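Report on one structure; see the data block that follows.
The values are calculated or read from the model by the stated rules, or taken from the named source; none is laboratory data. As the structure is a computational prediction, the values presented were derived from the model and not from experiment. Here Cβ is always computed from backbone atoms with ideal geometry, including for glycine, and neighbour counts include all displayed protein chains. These area figures cover heavy atoms from the full protein model, side chains too; ligands, DNA and RNA do not enter into them. Shrake-Rupley method; radii C 1.70, N 1.55, O 1.52, S 1.80 Å.
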Amino acid sequence: MNLKSTDLNHPPIPIRDRGPSPFFHGREDIIVNFSRVLSDSISLKGGTTFLIQGAPGAGKTALLDVLSQQAKSDGWEVAKIVIKNLHSPASMAQALEKSYTIDSEYALKGGIKFIEGGIVESVAGHASPKEILKHLAPKTGLVLVLDEAQYLRNLKQTPNEKNLVRDTLDVIHNGDLGLPVMLLTAGLGTTEAAYDSLGISRFDGDCTVQLGRLDKESECAVIRDWLTQAGGSVGDPTRWIDFIAGQTHGWPQHIISYIKPSVKYLASHHGRMTGEGLEFVLEKGNEYREEYYQKRVKGIDKKKCHILAKIFDGVPLGDTMELEDIMSALKEEYSEEESGKIFEKALERGIIDERIDGDYGIPIPSFHTWLVDQYVRNKS
């Protein structure tokens with residue numbers, strides 16, 4: 001079977017496991033709410049933290065991109081940052097410089113100048129990222145985008161760098177810069193706890209999003225776009241959409257697992273949606289989905305996976321357990337210290353996540369089923 005995308009009459013659209021999505025549907029309430037928060041920040045001349053957290057594969061990074069585009073259309077500047085930018089004034093200034101045109105004269109008045117190679121020199125001794133933001137953030141509004149923010153929970157920086165990270169996050173979160181600066185951040189279900197560990201708490205309910213699966217209409221719209229626009233399908237794609245949606249259950253990561261073979265097959269068969277093609281898509285999609293689940297448990301040995309799966313065996317899909325019960329089950333096999341490490345690793349890998357009520361569960365129902373089948377019931 002020749003699976004060359006060059007058989008299509010248009011350039012192939014990259015199919016990425018994470019990142020911006022060429023076809024985005026749903027989440028309208030989040031987008032509208034974010035735009036309203038931006039408007040309020042302009043009025044108040046201050047910002048806050050807009051937090052998105054959810055399971056791996058829920059589409060957090062794609063949503064960050066859409067919200068960034070929304071901010072730009074609302075007249076805000078947008079700069080992508082990493083944790084280093086929060087404790088290094090030079091790297092913060094460089095991140096801003098790369099994102100938009102900085103008023104050099106205004107920067108000089110603030111004691112900051114840019115020299116050859118993009119290196120920032122602090123003329124007046126400004127030595128913190130928050131001072132950089134005060135002098136370089138535009139009055140029209142700045143959105144700082146920080147992904148994978150769950151890693152704030154275990155910072156490996158020096159004590160001084162940790163303090164700078166805390167101070168930078170705190171001054172933005174509390175709107176104390178005197179400028180409309182917003183932190184748009186995303187991460188796994190432990191992200192809010194990561195900020196809390198740094199003393200950054202009291203998140204506004206309108207600024208906290210627990211991202212779950214897409215609604216059915218949005219899911220089918222995304223699949224349709226991939227099949228028709230990326231795959232160049234011929235005829236009515238409804239049958240393929242229904243079968244694929246029957247496997248993906250609204251999870252963006254799962255959609256990608258089945259879209260990869262779909263686009264490949266359609267590209268090599270001039271867009272014809274055959275029964276044979278659908279069988280190929282479902283078979284390969286199942287393989288891709290299982291590869292994704294294998295990545296989630298990577299780094300945790302088989303025995304520990306067995307115990308984690310056994311803990312949730314019998315728990316209804318989507319339901320949660322209390323932390324005390326999870327830890328009690330782990331301590332039957334391991335010391336208290338080792339049990340804590342296993343629990344943290346499971347959180348880090350997105351095997352379990354914390355819910356709003358403080359309990360913990362396996363975030364994706366089909367992953368829950370796979371984990372129990374794989375490590376308790378030994379089903380292939």
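For this structure, a couple of remarks:
- For the chain: rounded, prolate or oblate by the Cα gyration tensor [a/c cutoff 1.5]: oblate
- Sites K298 and D206, calculated FRET efficiency, Cβ-Cβ separation with R0 56 Å, nearest 0.05: 0.95
- The packing ranking of peptides 184-190, 284-290, highest mean first, is 184-190, 284-290, where packing means the average number of other beta carbon atoms within 10 angstrom of each residue.
- Considering only the chain, percent of DSSP beta bridges that pair antiparallel, nearest 5: 25
- When V376, V32, V181 are compared by accessible area of protein heavy atoms, the largest-first order is V32, V376, V181, using a 1.4 Å probe.
- Computed per residue of the chain from DSSP H runs no shorter than four, each worth -39500 (n - 2.57), the mean residue ellipticity at 222 nm is -15000 deg cm²/dmol.
- Sequence-distant contacts, meaning Cα pairs under 8 Å at least 6 residues apart, place the relative contact order of the chain at 20 percent.
- Stretching E344 away from N174 to a fully extended chain increases their span by 58.3 nm, per 0.36 nm per residue minus the current alpha-carbon distance.
- Tilt relative to the chain, helix 365-375 - C-alpha long axis, 0 to 90 degrees, to 10: 70
- Accessible surface of the chain, 1.4 Å probe, proportion on carbon and sulfur as whole %: 48
- Cα shape, segment 140-280, gyration tensor, a/c 1.5 rule: prolate
- Candidate lysines - alpha carbon under 22 Å from K260, same-chain residues fewer than 8 apart omitted: K4, K60, K216, K284, K295
- Pairs beyond 21 Å (Cα-Cα), from K134/K156; K45/K130; K98/K130; K139/K162; K72/K139; K302/K345: K134/K156; K139/K162
- On a per residue basis, the chain carries 47 Å² of accessible surface, using protein heavy atoms and a 1.4 Å probe.
- Cα gyration tensor category, rounded, prolate or oblate, for segment 231-380 with a/c compared to 1.5: prolate
- Taking every alpha-carbon pair under 8 Å whose residues sit at least 6 apart, segment 155-298 reaches a relative contact order of 18 percent.
- Protection proxy ranking of 50-56, 34-40, 65-71 - average other beta-carbon atoms within 10 Å, highest first: 50-56, 65-71, 34-40
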